[in-house]
Amino acid sequence: MTAAVPTKPRRRRNIAPWVAGGLTLFVLVAFLLFPIGTTLLNSFAPSGERFAFGNATFENFTRFWTSAQYQTALINTIIIGLAVTVLSTIVAVPAAYFVARVQMPFKPLIMSLSIIPLISPPFVGAYSWVILFGRSGIVSQYLRDWFGFQMPPIYGFFGVILAMVLANFTYVFLFVQGALTAVDPHLEESARVMGASRWRILRTVVLPLAIPPMLAGAMIVLIEALGEFGIPAVLGGEVYVLSTLMYFQIHGYFNLNAASAIALVNVAITLIAIVLLLRINRKRRFITVGSTTRRAALQTGRGIRIVANLYVWGLLAVALLPQAVVIFTSFAEKWPGTRWPLEYGLDNYRYIFSRIVEPMQNSLMLAAIATVVCVIFGTLTGYIAERKTFPGKWALDLTIMLPFVLPGIVTGVALLVTYNSGPIALTGTAAILVIAYFVRRIAYIYRSVVAAVSQLDLKMEEASTIAGAGWSTTMRKITVPLIAPGILAGAIIVFTTLISEMSTTIMLYSARWKTVSIAIYERLESQEIAAAAAIGSVTILVTLLLVLTATRVIGKSMSELFS
Amino acid sequence: MTQTPKSLTVKDLTKVFQTPEGPTTAVRDVNFEIEGNTFFTMLGPSGCGKTTTLRMIAGLETVTSGDLLLDGEDFRRKNAFERNIGMVFQSYALFPHMTVFENVAYGMRLRKAPETLIRERVTETLAMLRLDGLEKRHPADLSGGQQQRVSIGRALVYRPDILLLDEPLANLDAKLRVEMRDEIRRLQKTLGVMALYVTHDQEEAMAISDRIAVFSKGRLMQLGAPYEIYTHPTSVFVADFIGKANFFLVTLDGDAVVAPNGARFGGLPVVQTVDEDEWFDRTDALMMCRPEKMWLVAASERTGDTGFEGRATRIQFLGTFVRYLIESDQARSDVIVDLPAFAPGVSEGDAVRFGPAKDGMVFRKATK
């Protein structure tokens, strides 16, 4: 009776997820790998030409040997990167310990305040340090008049490192705080039962457990510091780093190939740093989160509580000082080099009102489009990467994560170099900005989705399939509703960080497509400080409102989004 | 309520997984046939291929080679979601964002059933599983037993042709497990649905099944009713896995079985076994005896029976019988003897003599 059955029956394969994944891969190849590859090749081409095998040259790199400016920029980048990473870690770890383990009031508020530096336009805050500590800054003037103390110049290493540490320490803080809060209390309890003193437990159990998240946070700080453009552009003065040198090569000389070579060196040192950090962290893989939902006991001693409160609130005060100064400055109407402004009012807001509408619209629109595209493709690709096995999976993973380690300005340079001319000339369009935002930020959604899907019992999807649902129905009715919080959290980060994105935008914007960060940068360049501050204040406010609304909707706290 | 009986044929079913270490055969040439409302259990240790076989039948795993036929129709050409089967998972896999009612109604909704029928069927199914009143709860608010009932309801509500159960009781506590297995069988018989059940628990398999398929290392070792498998195992593996068994290294001398100490036993059935037990490198044959089919006396006592010597290391009183654990160099490992009452004059640490009372059997390696 079964004779008619073919011997090799084939079932229809579901291609929908593969199409989505393939499309993502195509975009990544076309707008990430290909531009990076082009950049890599063009860095070996003579100035003004495209790479061909005939014209290969090391000319663009030899400047790293011959030009003092290149050499110091390289060395400055490394010094600043290391100093910022080490100082951020030193500053953040005690704060993280205090918040995780000491009885303190207003912890949710502390956590929310700590992420404000992450969502503010970076260089506006940077300029605040000039207002405070510059030659005619408020604090500098008081110090000089009262104590005869001359502040070291804020332009240069001091200002850059200070501003970067305060803008980035939150990463280490959030990672370590999260880990210390989640540590299984049984670990410490068993140490205590074995007779260890509190100090000994701290030294031998708690702190070692905090090392992997600390290094993970430090790695992000390092990557940010090595690729940061806004802060060295504002506060660098004579001190050039690779990102500002790149900008200089393009906007000064329009020498794309020289910029490519610098980009390559920038990526190389970032990669070396990451490999070193991963190597240090490799042997430390603990699973510290236990099965109990009970939290570790908090320290309640009077002494430790005073120290903890002073330290944490002091740190937050310093870290939020730039934002406060920005808002203060935005109300200053006449400030002709005097100690304090002579008049206050809303004139700056009146002045910028007509000028901010368009950049704000642009920023919100570009960020929104890029976020939606990231959500759609990041979700599908993340789902496939977690649920399916296919050859070359590691390559997809690596490609998507690549922009994490690429300084934003490098991605900008690469896209600029590749799509500047030729059949697909995209420079100056909104599309190139959306594409740049997409390749730079899809990893956030991708990672959120991979994490959320790995937490989701595969059997749940199988149960849906067995009950009679095809892939898309299962996705719509089961998978997406269950991972929605993860997707939304990722989307909020993507959207808010894109509103004030600077490093990539600075390379790719055009007169038609100026964003708020460009508007602020232009005001700073033309010394319209108060106007820049007003735009900055509006941006901070809009971003904060968006984050707060979004966190209300998904029921997660602000700090949870960024951990 | 009962459905038209179906028949499932599994023919030369094979599954090869591609692993980084190269291809691994998880299921090799498995054949069986299930008729009507049989409760069929696939039993074996973890990694034996039973779950993979179940998942191939479900369509969750691709078939490397072989045939799956439902009522003679090729099952392999259908996607998992087209096969009209129900499946119950060890982890329940309830949808946490849906109420109990919506979880159970899920399959009905996918089949585009009219709302009144959905309401009627779901209510009826929940009542049958004694879940009435919990319709509006979410899975997180239910106990483990209740969750498993919901998941059974979800699998049965649309009257599947086959009900697949993948270790459904493994996450429940011992008492609930016994209760639930009787309930599952009662439901299955009431609805008249064919059931394929996977477990590693041999007691559970014996209690619930009409037929048991014992798996080892991807092969189906033996297929039969529980009693048949227990009393007539065809391999050392099955004898060892189902119930408790004692093994003695013996040689064959014509019809007689000779132990190393010279004891001779006659009239035992000899089975050629396919399994590759490493003991066959050291001996011709293994004699198997169930613990309850053995005699045991103090070493000082003289009897006419031939037997083995050893030392009783532990004596356990287990209510309906007394269990003796015996250390002996004449057995493959420690020997278990179950007696209806205490053997006179034997205390822990004493030397004993023991041997098969009846119904022993001998396994000989298959000659190739």
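Just so it is clear, none of the values below were taken in a lab; they were calculated from the coordinates. Just so it is clear, the model here is predicted, and its values are computed rather than measured. Counting neighbours? That spans all protein chains shown, and the Cβs are built from the backbone with ideal geometry, glycine included.
Remarks
- Over segment A:300-412, the fraction of Cα-Cα pairs per 10 Å bin, rounded to whole percents and listed from the shortest bin up, is 10, 18, 20, 22, 21, 8, 1.
- Global form of segment A:67-337, assessed from the alpha-carbon gyration tensor, a/c cut-off 1.5: oblate
- Restricting the calculation to Cα atoms, segment A:357-400 shows an Rg/Rh of 1.23 when the hydrodynamic-style radius is the Kirkwood one.
- At q = 0.14, 0.18, 0.21 Å⁻¹, base-10 log of I(q)/I(0) for segment B:1-100 (Debye sum, equal scatterers on each alpha carbon): -0.63, -0.97, -1.22
- Working from the Cα coordinates of segment A:485-545, the gyration tensor eigenvalues give, after taking √(5λ), semi-axes of 24, 15, 7 Å in decreasing order.
- All C-alpha pair distances within segment B:52-158, sorted into 10 Å bins from zero, spread as 15, 41, 29, 14, 2 percent across the bins.
- Cα principal axis extents for segment B:174-309, largest first, Å: 57, 34, 23
- Taking a point 7 Å from the Cα of A:Phe147 along the Cα-to-Cβ direction, the residues of segment A:111-140 with backbone N closer than 11 Å to it are A:140.
- Rg and Dmax [Cα atoms of the protein assembly as shown; Å; Rg one decimal, Dmax integer]: 36.7, 121
- Once you reduce segment B:317-355 and segment B:171-211 to the center of their Cα atoms, the two points are 33 Å from each other.
- When the convex hull of its Cα atoms is projected in every direction, mean area for chain B (nm²): 22.6
- Distance from segment A:191-219 to segment A:379-446 (C-alpha centre basis), Å: 38
- Mean residue ellipticity (222 nm) of the protein assembly as shown, computed from DSSP H runs ≥ 4 via -39,500 (n - 2.57), nearest 500: -16500 deg cm²/dmol
- Convex hull volume per residue for segment A:118-215, taking Cα atoms only, in Å³: 142
- Three principal axis extents describe the C-alpha atoms of segment B:235-276; from largest down they are 28, 19, 18 Å.
- In plain terms, the C-alpha convex hull of segment A:169-283 casts an average shadow of 9.4 nm² when viewed from every direction.
- Hydrodynamic radius (Kirkwood) for segment B:236-365, which is based on Cα pairs only, to one decimal in Å: 15.0
- Pairs from the list A:Lys477/B:Lys136; A:Lys393/B:Lys217; A:Lys393/B:Lys50 with a Cα-Cα gap above 24 Å: A:Lys393/B:Lys217; A:Lys393/B:Lys50.
- Packing, as the average of other Cβ atoms within 10 Å across residues, places the peptides A:94-103, A:138-147, A:499-508, A:318-327 in the order A:499-508, A:94-103, A:318-327, A:138-147, highest first.
- Paired Rg and Dmax values of segment A:183-230, which use every Cα atom, in angstrom: 16.1, 52
- Between segment A:233-273 and segment A:156-178, the alpha-carbon center distance in angstrom: 22
- Here the protein assembly as shown carries DSSP beta bridges of which approximately 70% are antiparallel, counting only pairs with both residues inside.
- Shape call, segment B:323-363: gyration tensor on alpha carbons, a/c limit 1.5: oblate
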